[in-house]
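Chemist: Take a look at this one; I'll ask things after.
The values are calculated or read from the model by the stated rules, or taken from the named source; none is laboratory data. A quick note: this is a predicted structure, and the numbers were derived from the prediction, not measured. So basically every Cβ, Gly included, is an ideal-geometry build from the backbone, and we count neighbours across all protein chains shown. Side chains included, ligands, DNA and RNA excluded: accessible areas come from the protein's heavy atoms. Shrake-Rupley method; radii C 1.70, N 1.55, O 1.52, S 1.80 Å.
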Amino acid sequence: MAAEPAVREGNSGHRRISRGAAAFAGILAAALVLGIGHLAAAFIDPAASPFYVLGATVVDHTPHQLKDAAIRRFGAHDKDALFVSMALVMLAGAAVAGLLERRRPLGSALLLILGGATGVLALQRPTATPWFVLPSVLGVLAGIVALRLLVAGPRHAAAPGDGLSRRGFLTAAVGVTALAAGAAALGHVLATRLHDVVADRARFRLPAPAGPAPALPPGAQPTLAGITPFVTANDRFYRVDTALQLPALTSADWRLRIHGMVDRAIELDFDRLRGRPVVERLITLTCVSNEVGGDLAGTAHWSGYPLAELLAEAGVHPDADMLLSRSVDGFTASTPLSAIVDGRDALLAIGMNGEPLPIAHGYPARLVVPGLYGFVSATKWVVDLEVTRFDRASAYWTDRGWAARAPIKTASRIDVPAAFVTVDAGAVPIGGVAWAQHRGIARVEIQVDDQPWQPVRLATEYSTDTWRQWTWTWQATPGTHTLRVRATDATGAVQPEQRATPFPDGATGWHNRVVTVR
Ligand SMILES: Nc1nc2c(c(=O)[nH]1)N[C@H]1C(S)=C(S)[C@@H](COP(=O)(O)O)O[C@H]1N2
Ligand SMILES: [Mo]
């Protein structure tokens, strides 16, 4: 079959653009909406870019079941998966707009409605100002002009309804593509230039800790190939947050307001923090979304300022019971004040493993509170601490059905042997990790098939706020066997066998591994 010409004579003698060309025109127009919108957003706030607005809105309204499924299915690539699905939906919508435009300006109307909706959604973003509508509006106007031009032809065409010639169409298409790509690229460059957080982080000098973390005692890290390292490197540390675009907050722009139920509100910046002693602590962070056997946990040297001291300066009212921390991107976490002032190492952290916080982990400042899941304590890019009460305020995930208070549940995991490996009969090294932050691990036991539970060798405890490695030697016999692990915390509570999903306050159940022995 011969290729359809881009432009052909209609019955009326008017040239009408082919369906394929019209769909293509719609896609180019939509690309221009996003490109111009992105450029305009660079002058306002990168968070006002239409593509980002749509993605962030989807993330904020995704039911937790779907979000958990996405994290399970795509892991750290859950955001890539979101971007790809969004792009596909947009591509389809844009093609429809192009097709609709062929007879009447219905495609333009569709762009106007969708662009208007994006502008309204932009105003709902946590950092929004009235200016946030502008990128969507400017983008849509540019998109409509492009769509009219490509599909209906210029106003000064010889006769009303005359479309572009084939050559004119191609020229215009190339022009629109270049404009869209150029605007998007320029927007990207401007946004990074204007908010150059990467350079700022490179210049940031992390103060040496006045109170360094105690050294690892010998025996805290068993030597077993494949066992989880006691300290997690920054680039191996799990990352969980709702941010599609990393907040770009420079240390010069950073302010932390402490207010609410306090005697005097205070505002800190890095100049005011300078000179205060920095402490460094090893703390194991855990995500509530961690499944039984999952790897959403990590241990790092966190350095920063004790939160209790900062709160004491503001003077916390005795009837307050919650610290509501807020990120520059609007995320909030509700932390019981008791967990901050009871002597544990709750920190306003500015360093991770001897470096300024990586941008993805909260640069320039975040919270770390031992013993509590990240969603109720570990606010990254933190800019606001409100002292309040659980009966007056609630945080981001609590508003979406998750628990308001969430201490970390006791967990244990088999790391060695890895899943699906075959081992030789005889002495087989087994190993893993267990955690029960702020209570401590007292015992870890392993069960082979239906045999009695047996205690394993626990690595030396570093502190109750860190995980604990364990090893065991199995006299393996040929066949297929199931190994099961369970931990007991220092209060004597045995990790429950009962399986529970992460929602609403953390998974429970015993991790097991099926091993083939030959
Ligand atoms: N600003 C912000 N901070 C956040 C989150 C978030 O979505 N936004 N997620 C929290 C959750 S659920 C966890 S488990 C920890 C993860 O910290 P990490 O990414 O440094 O491992 O960050 C917490 N802090
Ligand atoms: Mo989390």
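Chemist: Between E291 and residues 5 or more places away or on another chain, which pairs have amide H atoms under 5 Å apart, with H built 1.01 Å from N, and which residues are they?
Modeler: The list, which skips near neighbours in sequence, is L296.
Chemist: How high is the FRET efficiency between R276 and T129 when r is their beta carbon distance and R₀ equals 41 Å, given to the nearest 0.05?
Modeler: Rounded to the nearest 0.05, the efficiency is 0.80.
Chemist: Distance from the Cα centre of region 273-325 to that of region 349-409, in angstrom?
Modeler: 7 Å
Chemist: Run the numbers on the chain and let me know its relative contact order in percent, using alpha-carbon pairs under 8 Å that are six or more apart. Before the final figure, lay out each step's value.
Modeler: Details: 1119 pairs, mean separation 68.2, N = 518.
Once divided by the residue count of the chain, the mean separation gives 13 percent.
Chemist: Just the C-alpha atoms of region 432-484: what Rg/Rh do they give, with Rh taken as the Kirkwood radius?
Modeler: Looking at region 432-484, the ratio lands at 1.05.
Chemist: For the chain, what does the helix formula give at 222 nm: sum of -39500 (n - 2.57) over DSSP H segments with n ≥ 4, over the residue count, nearest 500 deg cm²/dmol?
Modeler: -10000 deg cm²/dmol
Chemist: Please work out the FRET efficiency for the pair A500 and E355, using the Cβ-Cβ distance as r and a Förster radius of 51 Å; give the result to the nearest 0.05.
Modeler: 0.90
Chemist: Okay, next question. Mind checking Rg over Rh on region 411-517, alpha carbons, Kirkwood formula for Rh?
Modeler: For region 411-517, the value is 0.98.
Chemist: Taking the radius of gyration and the Kirkwood hydrodynamic radius from Cα positions alone, what is the Rg/Rh ratio for region 309-442, to two decimal places? Before the final figure, lay out each step's value.
Modeler: Values: Rg = 18.6 Å, Rh = 16.9 Å.
Radius of gyration over Kirkwood radius for region 309-442 works out to 1.10.
Chemist: With θ set to phi - 60°, apply the Karplus curve 6.51 cos²θ - 1.76 cosθ + 1.60 along region 185-191 and write out the HN-Hα couplings as whole Hz, x wherever there is a Gly or Pro.
Modeler: 5, 5, x, 5, 4, 4, 4
Chemist: Report, as a whole number in µm² per second, the diffusion coefficient that Stokes-Einstein gives for region 379-439 at 10 °C and 1.306 mPa s using the Kirkwood radius over alpha carbon pairs.
Modeler: Answer, rounded: 97 µm²/s.
Chemist: Expressed as a fraction of 2.2 N^0.38 Å, the rule-of-thumb size for a compact globular protein of N residues, what is the C-alpha radius of gyration of region 234-400? Spell out each step's value before the answer.
Modeler: On the way: Rg = 14.8 Å, N = 167, 2.2 N^0.38 = 15.4 Å.
So region 234-400 has a normalised radius of gyration of 0.96.
Chemist: Now for a separate question. Between D253 and T177, how many nm apart are label points set 7 Å from Cα along the C-beta direction?
Modeler: Going by the 7 Å Cα→Cβ label model, 3.4 nm.
Chemist: Take region 350-419, compute every pairwise Cα distance, and split them into 10 Å bins from 0; I just need the percent in each bin.
Modeler: Going out from 0 Å in 10 Å bins, region 350-419 shows 16, 37, 31, 13, 2 percent.
Chemist: For a quick protection proxy, order the peptides 170-177, 367-374 by their average other-Cβ count within 10 Å, most packed first.
Modeler: Ranked from most to least packed, the peptides come out as 367-374, 170-177.
Chemist: Averaging over all projection directions, find the projected area of the Cα convex hull of region 264-339 and quote it in nm² with one decimal place.
Modeler: Reported value for the Cα convex hull: 7.0 nm².
Chemist: Please give the per residue accessible area of the chain, computed with a probe of 1.4 Å over protein heavy atoms only, in Å².
Modeler: Numbers: 23600 Å² over 518 residues.
Result: 46 Å² of accessible area for each residue.
Chemist: Ignoring ligands, DNA and RNA, please state the percent of accessible area on the chain from carbon and sulfur, probe 1.4 Å.
Modeler: Carbon and sulfur together cover 59 percent of it.
Chemist: By per-residue mean of other Cβ atoms within 10 Å, what is the highest-first order of 334-341, 309-316?
Modeler: The peptides rank, most packed first, as 334-341, 309-316.
Chemist: Here is a follow-up. Of the listed peptides 348-358, 264-274, what is their order by residue-averaged count of other C-beta atoms within 10 Å, with the highest listed first?
Modeler: In descending order of packing, they fall as 348-358, 264-274.
Chemist: So what is log10(I(q)/I(0)) for the chain at q = 0.07, 0.11, 0.13 1/Å, when the Debye sum runs over its Cα atoms only?
Modeler: Normalising to I(0) and taking log10 leaves -0.51, -0.98, -1.18.
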